[in-house]
C-alpha cells in the first residue's frame, strides 16, 4: 500500500518528536474499510514514537456510520469522530449535494454514542441561500441538544467546479447578505457559549478539554506530517505537498521518484503564517514571539497595525498577547490582511 510505504519513507520528517495526534481526513476516509485504516495505524506505530494517550480522529460521512463499523473503529484505536452533518434539514443537504439525509445525520450521532465514542465533533454550514434565521437556530439547538463535545461551523464558500458555484454563476442561487452572515455567526457564538462551549477558534467550539488537539497543532505552528495524495506537511521551515493524482502518487512511491513539491519559507511568509493561525484562536498572537522569531521590523509593523483595531474594539491586548474580540471575529479576514506586511 503506497501510503504505508510513504509513512516508512518519511519516518525522519518530524525529527523524533512524539506523535500526539493522528488524523484521517480529507475526502471520505469513512468510505475505507477498517482493515486499511488499521494497517495505516500500525505503520504509524512502527515508525514513530506515539504519545501514551493520542487523539486519533476519523472524518466520517453520516451514511457510513453503521453499528458494526463503529465498533470496529473503536477496536483499532479510533477515539474521536468528526461527522459531516452540515445541516439537520433535507432541503439544505440536497442543495449542498450531500448523500445523507437529516434523519441519517441524527442517527449517526446516536449510534456513535451508543458504540462508545465520547469525543464527537460535528460540522455545520451557515451563510448559504435559503438558510432562514429559524432554521439556523434550529441547527444550532440540535447540536447542543445532542451534547456533542465539539462543533465546527463554517460559512458557505463557492469553490470553482462545484455544483453550487455553477448555480451561482448562472444566477440560479444568490449569496446571502453580509448582514445575514454576521447575524448567523453572532447567534452561533452566543448560543454555543451560553450552552457551556468554549469558542476557542473562529469556527470551532468545544466543551472544556475537548478542543481538537490536532487542529490546535496547526494553529500553534507545531510541525506535522501529511501522508497520501494532496497531503501537506510542515516542519517549521519547509512546506511539502504531495501531488494530487492518485496514480502519479502511487507510481512515484513505487519507483522511488519525486511525488511531492517543497517550499522553503522566507521570514515574511513565516510571519504571515504565524499571524494568520494564532490570531484566530483563544491563545492569541504573542508579540514577543514576533520579535524573537521575525525581528523588530515585523514587531513594529504588527503593533502599529494592531493599535488601529484596538481603538475600534476589534482587538484587545493582555500583556504581550493580542486577541480578537467577538466583534473582531466578524471581520477577522480584513484584520488579518491589515496585520500582514
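So that you can scan it fast, the table gives a plain yes or no per residue for (1) touching a helix residue (DSSP H, G or I) at 6+ places or on another chain (Cβ under 8 Å); (2) surrounded by 15 or more Cβ atoms within 10 Å (Cβ to Cβ):
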| residue | (1), (2) |
| --- | --- |
| 251 | no, no |
| 254 | yes, no |
| 265 | yes, yes |
| 277 | yes, yes |
Helices (runs of 4 or more DSSP H) contained in segment 1-98 and holding at least 1 residues modelled with pLDDT under 95 and under 30 Å from residue 255 (Cα atoms): 2-9, 34-47
Hey, residue 282 touching a residue at least 12 places away in the same chain (Cβ under 8 Å) and either touching a helix residue (DSSP H, G or I) at 6+ places or on another chain (Cβ under 6 Å) or exposed (fewer than 14 other Cβ atoms within 10 Å of the Cβ) (or both) or not: no
Failed item in (1) modelled with pLDDT of 95 or more; (2) buried (at least 17 other Cβ atoms within 10 Å of the Cβ), with residue 164 passing the rest: (1)
Residue among 201, 180 that is under 21 Å from residue 125 (Cβ atoms) and over 15 Å from the mean Cα position of the chain (by Cα): 180
Output for segment 315-341, where each listed residue is farther than 18 Å from residue 277 by Cβ and touching a residue at least 40 places away in the same chain (Cβ under 8 Å): 326, 330
Enumeration of residues in segment 112-133 that are surrounded by fewer than 18 Cβ atoms within 10 Å (Cβ to Cβ), modelled with pLDDT of 95 or more, out of contact with any strand residue (DSSP E or B) (no Cβ under 8 Å at 6 or more places or on another chain) and not in a loop (DSSP other than H, G, I, E, B): 114
Segment 259-279, residues that are touching a residue at least 40 places away in the same chain (Cβ under 8 Å) and in a helix (DSSP H, G or I): 268, 271, 272, 273, 274, 275, 276, 277, 278
Residue match in segment 139-157 (condition: free of Cβ contacts under 8 Å to residues at least 24 places away in the same chain and more than 20 Å from residue 119 (Cα to Cα)): yes
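The values are calculated or read from the model by the stated rules, or taken from the named source; none is laboratory data. Since this is a predicted model, take the numbers as computed values, not measurements. Methodologically, a virtual Cβ is constructed for each residue, glycine included, from the backbone with ideal geometry; neighbour enumeration extends over all protein chains shown.
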